[in-house]
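Worksheet: one structure, shown below.
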Amino acid sequence: MESRTADEASYYKERRLMAIRKMAPKSLLVLYAPAPVERNHDTTYPYRTSSDLLYLTGIAEDNFGIILASDGELHVFCQSRDPERERWQGPVLGPEKIAEHLGLDREFVHDFREFRQELTKKLQSCDTLYYPFGQDKNFDSWILGEIHKLRLQARKKISFPEQIIHSGKILHELRLIKDDLDLTYLRKAVAISSRAHNLLMAYTRRFPQGISEAEMKAFLEREFRRQGAEALAYPSIVAAGQNATILHYEKMSGFAQSHDLVLVDAGAEYRGYASDITRTFPAGGKFSPLQKEIYSLVLEAQKAAISAVKPGISLEDIHQIAVHVLCEGLWKFGLLRKIPQFGKNTIIWHFPTSLDEVKEKEFYKLFYMHRTSHFLGLDVHDVGRYYQDEKPRPLEKGMVFTIEPGLYFPIEYDFIPEEFRGIGIRIEDDILVTEDGCEILTKDCRKEWQDIENLK
Ligand code: GLY
Ligand code: MN
Ligand code: MN
């Protein structure tokens, strides 16, 4: 963790206060950092802590946990300083610094090895427990066992939680509305990514003989790091030519010829905050006429969706706007007149007679098979409920999400004209809902075809 300023510490404190205000009387909120995950013998995956813990404390270490009580008392559990261990694994913050950062008396900061024992004690005077069950089966079973043991002692003067509520019910709703500290870090993450995408778009055209996906990925990620990103927000997708029609393509073994489009979906993580940008551009710097037409259609759908954003509208409305524009364009291209429906050993052909039918029967999903938006924050697919009372929830000021329409024409679609096959295009920006509209956080990342072609 980098050093935190006093001003930053006050945000974490305010977030904890907001959580406390939502907690039931006599309740505890319990969070702990996940254990590092073994990759293979003696090595682990790069460590990333729990986003909820980051949100409430700003502390990113493993072997770290908190017990926050509804009366405001906070107990923290962390790694103690140990010169011998730190020689191998690097320095940890230690209890003194953590107490200082959280504004706690030292007596409330304990060694992480005491976490479970302390929790068992505190459960005895607690009616409601908030914690993120379902994530760690061992902990779930341990804590249910502890609560069961307490129940069996019901004749003694001890209490025990009779309800367990997912901590997300409180924390994820708070995380959905970004405060100024969230926005400071998010803006930094998107600025890093926007610049890196622009540089990559200019870089590939230096190679008239083409460039490998692996090199493009390395260039982009080097640029993220150079600008201060601490990690990737998610595994980068760098897909040349027909690989762009594979939605979660991560193989990175392909090669872009200068006439190919390259789809790059990649974002830096900064202080735990994700950015999420997709750009699709010609490796050689010039779109072909058909590439330009399809690109312009996706961009038109994206812009129509963005211009509708304001408080009160839902992500479902935004999706439908993008779908409508894409369908109109696909219809004009003549690609929606003959639609196959693939069964196990059968193909049924449909011949829609109107755009309404295409939308109603969702035939467009052949070419646009994903949703348009997801929330963005500490997690790339951020937390928060998308539906309330079974209806799409209205957007509110301070929410951040993506708008990312695309069109994909897989190479094996032999029922569409050959020139479309193998083209995949997605354009993705990160959007902040404002008082009366929105701000495109990723506006510095080029996306007009003229601006891409003119990059130097
Ligand atoms: N990069 C993941 C997504 O766009 O949803
Ligand atoms: Mn996305
Ligand atoms: Mn993305």
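Looking at Leu366, Leu407, Leu378, Leu395, which one is closer than 20 Å to Ser296 by Cβ and not acidic (Asp, Glu)?
It is Leu407.
I'd like to know if the range 85-103 contains one or more residues that are buried (at least 17 other Cβ atoms within 10 Å of the Cβ) and among the charged types (D, E, K, R).
For the range 85-103, residues buried (at least 17 other Cβ atoms within 10 Å of the Cβ) and among the charged types (D, E, K, R): present.
Quickly run through the range 394-409 and pick out the residues that are part of a loop (DSSP other than H, G, I, E, B), buried (at least 18 other Cβ atoms within 10 Å of the Cβ) and more than 13 Å from ligand 1 (Cβ to nearest atom).
Leu395, Met399
Residue check, Ala231 against (1) modelled with pLDDT of 95 or more; (2) out of contact with any Gly (no Cβ under 9 Å at 6 or more places or on another chain); (3) more than 23 Å from Lys286 (Cβ to Cβ), all met but one. Which one?
Tallying (1) modelled with pLDDT of 95 or more; (2) out of contact with any Gly (no Cβ under 9 Å at 6 or more places or on another chain); (3) more than 23 Å from Lys286 (Cβ to Cβ), Ala231 fails exactly one: (2).
Cβ-Cβ distance below 8 Å, separation of 6 or more or different chains: which pairs start in the range 118-132 with a residue that is over 17 Å from His166 (Cα atoms) and end on one that is part of a loop (DSSP other than H, G, I, E, B)?
Gln124/Ile158; Gln124/Ser159; Gln124/Phe160; Ser125/Lys26; Ser125/Ile158; Ser125/Ser159
Is at least one residue of the range 199-220 in contact with a helix residue (DSSP H, G or I) (Cβ under 9 Å, 6 or more places away or on another chain) and within 30 Å of Glu8 (Cβ to Cβ)?
Looking through the range 199-220, at least one residue is in contact with a helix residue (DSSP H, G or I) (Cβ under 9 Å, 6 or more places away or on another chain) and within 30 Å of Glu8 (Cβ to Cβ).
How about the range 119-143: which of its residues are assigned to a helix (DSSP H, G or I) and under 15 Å from Leu28 (Cβ atoms)?
Within the range 119-143, Leu119, Thr120, Lys121, Lys122, Leu123, Phe139, Ile143 qualify.
Could you count how many residues in the range 375-393 are touching a residue at least 24 places away in the same chain (Cβ under 8 Å), in a loop (DSSP other than H, G, I, E, B), surrounded by fewer than 21 Cβ atoms within 10 Å (Cβ to Cβ) and more than 11 Å from ligand 1 (Cβ to nearest atom)?
Residues in the range 375-393 being touching a residue at least 24 places away in the same chain (Cβ under 8 Å), in a loop (DSSP other than H, G, I, E, B), surrounded by fewer than 21 Cβ atoms within 10 Å (Cβ to Cβ) and more than 11 Å from ligand 1 (Cβ to nearest atom): 5 in total.
Please tell me if Tyr386 is at negative phi and either at pLDDT below 95 or within 16 Å of ligand 3 (Cβ to nearest atom) (or both).
no
How many of the residues making up the range 10-48 are among the β-branched types (Val, Ile, Thr), surrounded by 12 or more Cβ atoms within 10 Å (Cβ to Cβ) and over 21 Å from Gly103 (Cα atoms)?
Residues that pass the stated criteria total 1.
If you check Gly377 against the conditions, is it touching a strand residue (DSSP E or B) at 6+ places or on another chain (Cβ under 7 Å) and within 16 Å of ligand 2 (Cβ to nearest atom)?
yes
Those residues that are away from ligand 1 (no atom under 15 Å from the Cβ) and surrounded by 22 or more Cβ atoms within 10 Å (Cβ to Cβ), I need them from the range 230-240; list them, please.
Correct list: Ala240 only.
Report, ordered by the first and then the second residue, all pairs with beta carbons closer than 8 Å, sequence separation of six or more or different chains, a first member in the range 411-438 that is more than 30 Å from Arg175 (Cβ to Cβ), and a second member that is among the basic types (Lys, Arg).
Ile411/Arg421; Glu412/Arg421; Tyr413/Arg421; Asp414/Arg421; Phe415/Lys338
Which is surrounded by fewer than 16 Cβ atoms within 10 Å (Cβ to Cβ), away from ligand 2 (no atom under 16 Å from the Cβ) and of a type in the set (Gly, Ala, Ser), of Ser296, Ser212?
That would be Ser296, the only listed residue that is surrounded by fewer than 16 Cβ atoms within 10 Å (Cβ to Cβ), away from ligand 2 (no atom under 16 Å from the Cβ) and of a type in the set (Gly, Ala, Ser).
With the range 1-118 as the region, which helices (runs of 4 or more DSSP H) entirely inside it contain at least 1 residues that are of a type in the set (Lys, Arg) and modelled with pLDDT of 95 or more?
Here the list reads 6-22, 83-89, 94-102.
Filter the range 50-79 down to residues that are polar (S, T, N, Q) and out of contact with any Phe, Trp or Tyr (no Cβ under 7 Å at 6 or more places or on another chain) and give me whichever is surrounded by the most Cβ atoms within 10 Å (Cβ to Cβ).
Ser50
Filter the range 345-374 for residues that are in contact (Cβ under 8 Å) with a residue 40 or more places away in the chain and either in contact with a Gly (Cβ under 6 Å, 6 or more places away or on another chain) or not in a loop (DSSP other than H, G, I, E, B) (or both); which is nearest to ligand 2 (Cβ to nearest atom)?
Checking each candidate, the answer is Tyr364.
Starting from residues that are assigned to a loop (DSSP other than H, G, I, E, B) and surrounded by fewer than 18 Cβ atoms within 10 Å (Cβ to Cβ), keep the ones in the range 417-427 and report whichever is nearest to ligand 3 (Cβ to nearest atom).
So, considering only residues that are assigned to a loop (DSSP other than H, G, I, E, B) and surrounded by fewer than 18 Cβ atoms within 10 Å (Cβ to Cβ), the one nearest to ligand 3 (Cβ to nearest atom) is Arg421.
Spot the failing condition for Glu250; the list is (1) modelled with pLDDT of 95 or more; (2) within 16 Å of ligand 3 (Cβ to nearest atom), and only one is missed.
(1)
The values are calculated or read from the model by the stated rules, or taken from the named source; none is laboratory data. Remember, predicted model here, so these are calculated numbers, not experimental data. Note: ideal-geometry Cβ built from the backbone for every residue, glycine included; neighbour counts use all protein chains shown.
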